[in-house]
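First up is the structure itself, then whatever we jot down about it.
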């Protein structure tokens with residue numbers, strides 16, 4: 001009788017590459033980035049923080065969410081600056097038509113006046 005070695009165990013079946021962990025906030029981070037670029041910065045910033053929080057809880061990083069937060073705050077600041085500068089320019093250009101009429105009428109008195117091609121009607 002010969003001592004034969006025990007049979008080898010069967011090889012494990014190939015299951016493909018190991019699945020990477022799922023990042024629960026990645027899709028929301030992409031949506032937040034798109035909204036931060038569009039004129040919906042506040043919504044994009046809020047979604048960015050939510051997506052970043054979800055990813056941190058899963059132990060993963062979320063570059064899209066971080067970019068959405070940064071881009072959202074930058075575009076929000078630029079939008080507010082544009083609004084303030086635009087409002088100041090609008091006020092400077094159109095002040096003679098609105099606020100200046102009371103001052104012109106106070107100087108000219110009641111009646112219809114034409115000065116430099118502009119007609120003023122004062123009550």
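Nothing in this text is a laboratory measurement; each read-out follows from the coordinates by a stated rule. Just so it is clear, the model here is predicted, and its values are computed rather than measured. Note that we place each Cβ from the backbone using ideal geometry, even for glycine, and neighbour counts take in every protein chain shown.
A few notes on this one:
- Given their separation in residues at 0.36 nm each and the Cα-Cα distance between them, residue 121 and residue 105 gain 5.0 nm when the chain is fully extended.
- Using R0 = 30 Å, the C-beta based FRET efficiency linking residue 77 and residue 56 works out to 0.75.
- Computed [θ] at 222 nm, helices only, for the chain once each DSSP H run of length n ≥ 4 contributes -39500 (n - 2.57): -21500 deg cm²/dmol
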